[in-house]
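Single-structure report; data block below.
The values are calculated or read from the model by the stated rules, or taken from the named source; none is laboratory data. If you're wondering where the values come from, they're calculated on a predicted model, not measured in any experiment. Backbone-built Cβ (ideal geometry, glycine too); neighbour counts: all protein chains shown. These accessible areas exclude ligands, DNA and RNA; they are computed on the full protein's heavy atoms, side chains included. Shrake-Rupley method; radii C 1.70, N 1.55, O 1.52, S 1.80 Å.
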Amino acid sequence: MRSPRSFLAAVSGHLAGRQAPAAPGHHSLPVRTLQTLAQREPVRLKKLSAPDTGILELTLERPEVKNAISWELMTRLRGAIHKIEADATAKVVLVASSGPGVFCAGADLKERRHMSSSHVKEYANSLRSTFSYFEALSIPTIAVIEGAALGGENATLGLPETGLAIIPGAGGTQRLPRITGRSRAKELIFTGRRCDATEAVLMGLANYCVPAGEAYGKALELAREMTKKGPLGVRMAKKAIDQGMEVADMRSALAVEGECYEQLLHTQDRLEGLAAFADKREPVYTGE
């Protein structure tokens, strides 16, 4: 029997969320039920303390439905993303699940059943933009996947939407071929086939494959390595890579790199890095 595996990706995996209209007659619910709903937090954002200052944990908190993304979860996720971007002390984000055995089951299909076509369209547009915001974060993100990123057992990834007579509508048809290549992306999307942790690494969907239960430890190890580097340098490196990959030719890509490099020339961190190198000591970066 193959042993379970978990894996880590450099960016968050395929998540899904949607908007649901307020249920008719919701005001007639018992007060206790309303209080319970009001207290529920489907997304939790936490700052780690020293010695891991600068590392944030973004946790999906709907284990009872395998973190299926409802409209509320998507809204909370968008809010968390804005908080992260506005936090000048944030250096790395770990995206994880609070429940064992699953990362995210994808869209909350039970909620979607009650949507009109216009609400489904609004949900898909909102979800697409939410993940675009996530992708555009100026700091690195690490997805800690223990279990499935669509529902199921052990660490698997997949885009099963064609089995529901739809397509991956949160950017999956565009991001996947940019990672795996067009042919492999078509195979995975057309068949809805799941891939395990080992295959995900081979295809470039994940960076590491580790024994089950060890994904968070590996993610924290990577995050700690990143927080030791100059935060402005990391941010500009991410910007250069992401924007450079979107232009059509190498000349334009190198121009993007040059612009990002120039933004670091007059920073205190750059001078501190040079001084630390000359003094043979660890640099103390301030992000200035």
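Out of A124, A105, I need the residue that is assigned to a loop (DSSP other than H, G, I, E, B) and either at pLDDT below 95 or open to solvent by 20 Å² or more (accessible area, probe 1.4 Å) (or both). Which one? So that I can check it myself, show each step before the final result.
Numbers: A124 fails: assigned to a loop (DSSP other than H, G, I, E, B).
Residue meeting the stated conditions: A105.
Could you tell me whether the stretch 203-210 includes any residue that is under 24 Å from S138 (Cβ atoms) and among the β-branched types (V, I, T)? Outline the logic, then answer.
Looking only at the stretch 203-210, we keep the residues that are under 24 Å from S138 (Cβ atoms), and these are 204-208.
Keeping just the survivors that are among the β-branched types (V, I, T) gives none.
Looking for residues that are under 24 Å from S138 (Cβ atoms) and among the β-branched types (V, I, T), one finds none in the stretch 203-210, hence no.
Filter the stretch 215-239 down to the residues that are more than 30 Å from G99 (Cβ to Cβ) and open to solvent by less than 40 Å² (accessible area, probe 1.4 Å) and list them by number. If you could, list the steps in order and put the result at the bottom.
Initial filter on the stretch 215-239 (more than 30 Å from G99 (Cβ to Cβ)): 228-237, 239.
Scanning the stretch 215-239 gives G230, P231, G233, V234, M236.
Quick one: R251 ticks every box in (1) open to solvent by 40 Å² or more (accessible area, probe 1.4 Å); (2) touching a helix residue (DSSP H, G or I) at 6+ places or on another chain (Cβ under 8 Å); (3) not β-branched (V, I, T) except a single one, so which number is it?
(2)
Between a first residue in the stretch 188-201 that is more than 12 Å from P168 (Cα to Cα) and a second residue that is assigned to a helix (DSSP H, G or I) and among the aliphatic types (A, V, I, L, M), which pairs have beta carbons less than 8 Å apart while being 6 or more apart in sequence or on different chains?
Matching pairs, first to second residue: C195/L188; C195/M203.
Scan the stretch 44-86 for residues that are aliphatic (A, V, I, L, M), outside any helix (DSSP H, G or I) and either open to solvent by less than 20 Å² (accessible area, probe 1.4 Å) or at pLDDT below 95 (or both) and report the count.
Going through the stretch 44-86, the residues aliphatic (A, V, I, L, M) turn out to be 45, 48, 50, 55-56, 58, 60, 65, 68-69, 73-74, 77, 80-81, 84, 86.
This time we only want the ones that are outside any helix (DSSP H, G or I), so: 45, 48, 50, 55-56, 58, 60, 68-69.
Now restrict to residues that are either open to solvent by less than 20 Å² (accessible area, probe 1.4 Å) or at pLDDT below 95 (or both): 50, 55-56, 58, 60, 68-69.
Final tally of qualifying residues: 7.
Which one of A136, A90 is among the hydrophobic types (A, V, I, L, M, F, W, C) and modelled with pLDDT of 95 or more? Explain how you work it out, then say what you get.
Values: A136 fails: modelled with pLDDT of 95 or more.
Of A136, A90, the one residue that is among the hydrophobic types (A, V, I, L, M, F, W, C) and modelled with pLDDT of 95 or more is A90.
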